[in-house]
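Working notes for the structure below.
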Amino acid sequence: MRRFLSLLWLSLLSFFTFSAPVSATDSDYHEQLNLRPLPLSSLLASFNFRSNTTLSEFEKGNFRFFPRSLAQILQHAGTRELHLRFSLGRWDAETWGARPWNGAREGGTGVELWAWLEADTNEEADHKWLTLTNALSGLFCASLNFIDGTRTTRPVMSFQPEGDHSAVDNMQLLYGVLPHEVVCTENLTPFLKLLPCKGKAGIATLLDGHKLFDSSWQSMAIDIRPICPAGGECVLQIEQTIDMVLDIDRSKRPRGNPIPRPPPSEQLPCDASKPYNSHDTCFPVDHTNQEWTLSQIFGKTVKGTCPLADEAVPPVCLQVHHSRSVFVSKDVHEKKNPDGLSRCFHISPETDMELMLPRPDDAEAASSSTSIIAAETPLLYAERSFTGHGQERGGVQTILRNPSPDTEVEFIYMESLPWFMRIYLHTMEARIASQQPHTNASSSASSYSSLIEQVYYRPALDRARGTQLEVRMRVPPASTVFLTYDFEKSILRYTEYPPDANRGFDVAAAVITILDPTTQGQEAGGKELAAAYTLRTTSLLCSLPTPDFSMPYNVIIFTSTAIALAFGGMFNILVRRFVAADEGPEAGLKVLIAKLKARVKGVKG
Amino acid sequence: MNSVTNSLKLSLGRTATHIDRLPLFTRVVLVVMVTLEVLRVLFPRSWWDLEEWGRLEPDVMGIATMYRTNTYPLIHTSAIHLILNLIGLTPLLERFEASHGTLTSLALFVGPLSTGPALIYVVLERFILRMNTPIVGASIWGFLLFGSEAIRHHKVTPYVVIAGKPTIPTWTAPIAVLFVAALLLPGSSFLGHAIGLGVGYVYGLGYLKFLSPPDKILRWIEGKLNLRVRLPHFVSVDQKTYGRFGVLPLTNLAPQPVVAPATVMQLRRDPRLLKLPPYISLLCIVIGVAWLFLLPLDQYSRRTYISENALLPGQVHTYFSGSDQNVFRAYKHEVNELVGKDNTAINDKLEPIIKGLGLKTARQNFTYHAAGQTFAGENLYAILQAPRGDATEAIVLVAAWENVRHEVNRNGVPLALTLLRYFKRWSLWSKDIILLLTPDSIAGPQAWVDAYHDAHDPARVASLPLKSGLLQGAIAIDYAQEGRFESLHVVYDGVNGQLPNLDLINSIVNIAGGQMGIGVALQEMWHHNNGYQDRLSTMLRGMLKQGFGLASGPHSSFIPYHVDAVTLRPFGEGWQDEMALGRVVEGSFRSLNNLLEHLHQSFFFYLLMQRERFVSIGTYLPSAMLVAANFTIMAIALWVKSGQPASKTEKKAEKEVSTPSAPTTVERDLFLPLGVVALIQSLSVLPLYLFNHALETALTLFFIVFTLLPSFLAHFLNNFPSTPTTPQQYDLIRSFSLLLLGMFLSTLATLNFSLALLVGVLAVPLTFVPNSISPNSGLPSRVLATILLNVFNPTAVLVGLGLVYGWFGGGGVDAAAGADVSNGVKWMTGGVWGVLREAAVGWHVCGTYSPVVVWCVWWPAWVAAQVVVLGKKEVKTGSEVPREKKDA
């Protein structure tokens, strides 16, 4: 009976959802897991959780799916739009191709936070920002409260609000980043608690700290933005995203025995075509597209669906060619998408879903192109590194490569550097890497000047704020551009060094926002620059001149000892009264006896 | 006891009579001052603020407050202020009154000598400095009088004579006091004192004479009032002419120079003192060398220890074994097939294998030209990205295709590949791991490291297309030997004698020895019994390598960039297989991976004498410093000697006649010696340039030229000057060149201890070369000196180096290191040519600075010595006796 009802309900719902395109009001919460096998036996798993609440309900304090803890913080800090990122590892664009969500749901290594705050003055914005970071710090168990003035910037070109805002005038964008923050399980737990099903049901059950933080790359994102559909009521949308790239070999290791011991020699896949192949000699064949199951990779199966979720949205999707066979547990309905490259699975609420991607047939394995969907080429490759050596000066070099043979890429390159890296802006130059190493400078010089179109630079103030550098530039088709600048390292005060100062100082990732070429023509005023693709470089480790910290301690200890000895002795001599032994009052037992005697005498007398 | 009280009484009595004899005006002033002070103390600000009333305050000055210009010297801020001023002022004022008379003093000090400075002060303070600092106190009078007194003294004794020379003008003494007062006395007005002093100077020079009232008027007043009778202690106008105390002592001061105590002078002029420096130098050398031989003793060396606790060496299980050996065998087959092929073909084959492991690969071309040879090749490297890391740090695993002895690294390359494949399976790496495969062991790693730090010349070395983060450590595998091995040889010498952090070596010793049970050897001491002799020879071998400063393996290039690196080279026949070496590397990488900070805790300057014994810089540095100091001592001695009369007999006679007389100094002819030393020093660029840029074939020719050049140069220099060179000039040439040598070597000792010590010890004959034309240097000593000089000259040492190094390097090594024999033979056959070629390669590829030290520090010093030894004996005539100058 119950099943029948639920089926009816489902069909009704599906009727609704299919008849009217998903409108914000009636699909309050939905979740989806996208699985995409990547080359070199990796697997991209994208979890997406989205829920809405109307702005009027939000104002009243009626939260249904929207997490109350977060909502109260937003209300208190006057936050109109918020983006929070916890990331670890790096996306290997060469192998894995374009980033998921076009890079919109990821951050640089560590923690990244940017928000539009309602504020009329800078001071008010700073105050609200302080409130926000401190509150979020408590909520997410992250050191967000360390985003102080030196780590906060106000990007001018790079970030644009994603939501629909009626009044943009009194909104201020603040951006803070903590590159050294290590993202770990303690950040995942509060993240899961924000979900309506709290990781107890639905796809969120797969999220396990051990697997998530063992992945080659992972990014947790929270995006909150108001959305005003045409004619409808404005809603506040919270979207939680987790993207992770799992190494299949590594993930398949059982949890109790994670040590990569060498496999028994008979289990080692060998290249039998080699002439020397024998029982004790084996040329290994790695990264064959291995078979995997959900429970192997995540350590568990999907525990039903979240009952609160929109059932029209299939909870699990897998992106493989339709030609590949996929095994699922019963009560799971496969639905192939018309593009021929993906299929989705509907799960009934109570079943545990298991999914198995078997090894492709031998005929297919030969042409590996069919077994894995070819990765989409990203619009731009970026790699940033330090140049130079020594502890006085250095340089930063960003290599930007446009793989497209015919399209120019225009983007905004943003750096927020710590104040102790004093950059020499006059040394900043962008040059196209010449195909022939020995071209004369004059011919290539003409093209250099036009690479950088606009520079926004806010110099650092020592100990007060960091450098903010935004460069709007372009990379011609099929060419590589080197963006370089030099900087000087300051000497910090003795107390300003963090613990483990010899490690160096992390420099946050540069944010590259590629502008959408279709909207570029319209934005004559330079107001709305839609981002087509976002990517971040890796963070850097800048080693500053570091003193030998043991020396001040030696000095302190030495002087303290000397003073203690001298002062102690001197004080002792000064304060003590020297009396000859027979002059002083008698002490000890004798005095007691004498007193007693006197008492006795007194009694007698 | 009695005598003390007596003297005390005496001095008290003297003071009493002195006070008793004070003239009138001085007394009055003193009494007024003390009275005012007593008043000030008795009524502190309650009833009448004396200080407030009387002080000179620029801002309140006006017609009505003019009295302040007279009152301010009489008031003081505290009793101490008063006492200090009284002590300073009383004798000066007394003397002034005595020589000018009471009435004049009264007129001057109540009038212009108070108001004058006061007005100047007010004007300066108020209108120029725009400040308002009130002043009180009699010190302005004190400085005024001191200034005028100093001018008077200057007229009599213009200069203070120090060491027979008039040096300091006497009138400057108050200025010194002025500054001392400003520094020592808090709250004292520098400006006020300076104005007082200035007025004093002007007065002393006589420009203010017009201020004092004319004698006639004074006499008239005195006569009318009969002051001389009425007032006690009155100094009359008439008395002052002669002085009340008869003839004033000031005018009677004899022009006597201030002479240092006689005993010191005698000591300075003692001829024995000049004979001492050679012995001190010898002592320095002996102690310096003996010091070195003490170091291996237990009392002087220390046990090694792990300083960086984060390393945790040998604390992890290593799992590199089992079926990974099958993989190793397969890779070894692949590598064996490539032996003999060219660099690009090897890389073409290896790159797909590495790519198959899932690593990013890149290549780098490099071309070096040195000594007419071309070192070109292509590096292949791959980056294993830390699974959860962020390209901020990296560790490097180097496997050169050929080791320094030009053997193919048959086991090292496949082992590195297998290790990388194994490392890829772990997810615990916090740092990227870079696999670097270079065609050779010197140029390839150098090109790669240079390019990694953007310190390369883009014309010769290509930039790196792929980079990771900061390099935190590097380990090179040099496993050319076939079959199983017994122990591990850790090579740690970097370019220019720089060393990796001792913690790295300790960790490897700990992992290999403590965990894996593999012995560790250092400096090709294959069997080390931890006795004195073995320790000493390990240390000396290490010093020799450090001194040459050449690259000793693929790791050497990393060390100048502050990347700690070692090469591991298995040796001997034992039962350890390649997997054991792999586990050592695994353990070391796990330790480096643990590091949160760059290796910085332990020593960078040390001498290892056994795998668990070392001496640190504080212990060994004095040795090289002493040797370097011997040159400086000798240089100073020669300088002093050059300043003394040349002829010995003359000196003797003089000594007999007038030992305590004024000292004699000889004027030094500096131009020629300085010119010669500068010329030789600048000429040294020539061999440095030629030896580093000449073609291989021309090296030997240049070598012969530069061996013979000094003798010609000496001959030329000795004959060229139109005036014959004097012994003094020879002394000065030696002095300057030794001074430079000592300076260079002591600086070098902090950078490359061993090189400084080696050059220092080999240059010892330069200290004791006899001056060719000094009367006591006969022919035998000159011949001996010439032979000594030519045995221990840079070029001869270079010849010896080729032979001796080859001989001992080959002879001392057992069969396990048979390659060294061939190496030694190569050195021997190559001889000088080989050494020079190595040096040129080191210069161009690795940036070795040893040639600079040899050609620009040692060689010029030696040429200078050669010039002195081969100097022409001067035919001396009477007229050419060095000019002497006696002090007035």
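Descriptive notes on the structure:
- Single unsatisfied condition, A:N277 versus (1) surrounded by fewer than 18 Cβ atoms within 10 Å (Cβ to Cβ); (2) within 7 Å of chain B (Cβ to nearest Cβ): (2)
- Those residues of region B:344-384 which are part of a helix (DSSP H, G or I) and either in contact with a helix residue (DSSP H, G or I) (Cβ under 9 Å, 6 or more places away or on another chain) or within 13 Å of another protein chain (Cβ to nearest Cβ) (or both), in sequence order: B:A345, B:I346, B:K349, B:L350, B:P352, B:I353, B:I354, B:K355, B:G356
- Residue in region A:155-173 that is within 14 Å of chain B (Cβ to nearest Cβ) and in contact with a helix residue (DSSP H, G or I) (Cβ under 8 Å, 6 or more places away or on another chain) present: no
- Just so you know, in region A:335-346 the residues that are hydrophobic (A, V, I, L, M, F, W, C) and modelled with pLDDT of 85 or more include one that is surrounded by the fewest Cβ atoms within 10 Å (Cβ to Cβ), and it is A:C344.
- Residue satisfying all of: in region B:137-158; in contact (Cβ under 8 Å) with a residue 60 or more places away in the chain and among the aliphatic types (A, V, I, L, M); surrounded by the fewest Cβ atoms within 10 Å (Cβ to Cβ) among these: B:V156
- All positions within region B:397-422 that are in contact with a helix residue (DSSP H, G or I) (Cβ under 7 Å, 6 or more places away or on another chain) and away from chain A (no Cβ under 14 Å): B:L397, B:V398, B:A399, B:A400, B:W401, B:R405, B:E407, B:R410, B:N411, B:V413, B:L415
- Restricting attention to region B:514-570, the residues being within 14 Å of chain A (Cβ to nearest Cβ) and buried (at least 24 other Cβ atoms within 10 Å of the Cβ) number 5.
- Residue match in region B:108-127 (condition: aromatic (F, W, Y) and within 18 Å of B:G204 (Cα to Cα)): yes
- B:L504 being among the hydrophobic types (A, V, I, L, M, F, W, C) and modelled with pLDDT of 90 or more: yes
- Contact map, region A:375-404: first residue within 14 Å of chain B (Cβ to nearest Cβ) and on the phi > 0 side of the Ramachandran plot, second residue in a loop (DSSP other than H, G, I, E, B) and surrounded by 16 or more Cβ atoms within 10 Å (Cβ to Cβ), Cβ cut-off under 6 Å, separation 6 or more or different chains; pairs are A:G388/B:D454.
- Residue pairs whose Cβ atoms lie under 6 Å apart, sitting 6 or more positions apart in sequence or on different chains, and linking a residue in region A:176-190 that is farther than 12 Å from A:R85 by Cβ to a partner that is among the charged types (D, E, K, R) and assigned to a strand (DSSP E or B), are A:H180/A:D506.
- Of the helices (runs of 4 or more DSSP H) lying entirely inside region B:793-878, not one carries at least 3 residues that are surrounded by fewer than 18 Cβ atoms within 10 Å (Cβ to Cβ), at pLDDT below 80 and of a type in the set (S, T, Y).
- Here B:W171 meets the list (1) crowded, with 17+ Cβ neighbours inside 10 Å; (2) within 26 Å of B:F210 (Cα to Cα); (3) of a type outside the set (D, E); (4) touching a residue at least 40 places away in the same chain (Cβ under 8 Å) almost entirely, failing just condition (4).
- The number of residues in region B:427-455 that are facing another protein chain (nearest Cβ under 10 Å), crowded, with 24+ Cβ neighbours inside 10 Å and in contact with a Pro (Cβ under 7 Å, 6 or more places away or on another chain) comes to 0.
- Flag if B:V327 is at the interface with chain A (Cβ under 10 Å from one of its Cβ atoms) and buried (at least 16 other Cβ atoms within 10 Å of the Cβ): yes
- Lone unmet requirement of (1) facing another protein chain (nearest Cβ under 10 Å); (2) part of a loop (DSSP other than H, G, I, E, B); (3) under 42 Å from the mean Cα position of the chain (by Cα) for B:G322: (3)
- Tabulated pairs, region A:527-556, first in a loop (DSSP other than H, G, I, E, B), second among the basic types (K, R) and at pLDDT 90 or above, C-beta under 6 angstrom, 6+ apart or interchain: A:T537/A:R384; A:L544/A:K489
- When region B:563-618 is filtered for residues that are under 30 Å from B:Q299 (Cβ atoms) and of a type in the set (S, T, Y), the ones remaining, listed by number, are B:S602, B:Y606, B:S616.
- Matching residues in region B:303-319 - criterion: being farther than 30 Å from B:T418 by Cα and surrounded by 15 or more Cβ atoms within 10 Å (Cβ to Cβ): B:T304, B:S307
- Test set (1) at pLDDT below 80; (2) among the hydroxyl-bearing types (S, T, Y); (3) closer than 20 Å to B:G198 by Cα - B:S114 fails condition number: (1)
The values are calculated or read from the model by the stated rules, or taken from the named source; none is laboratory data. Being a predicted model, the structure only gives us computed values, none of them experimental. FYI the Cβ positions are ideal-geometry reconstructions off the backbone, even for glycines, and counts take in every protein chain you see.
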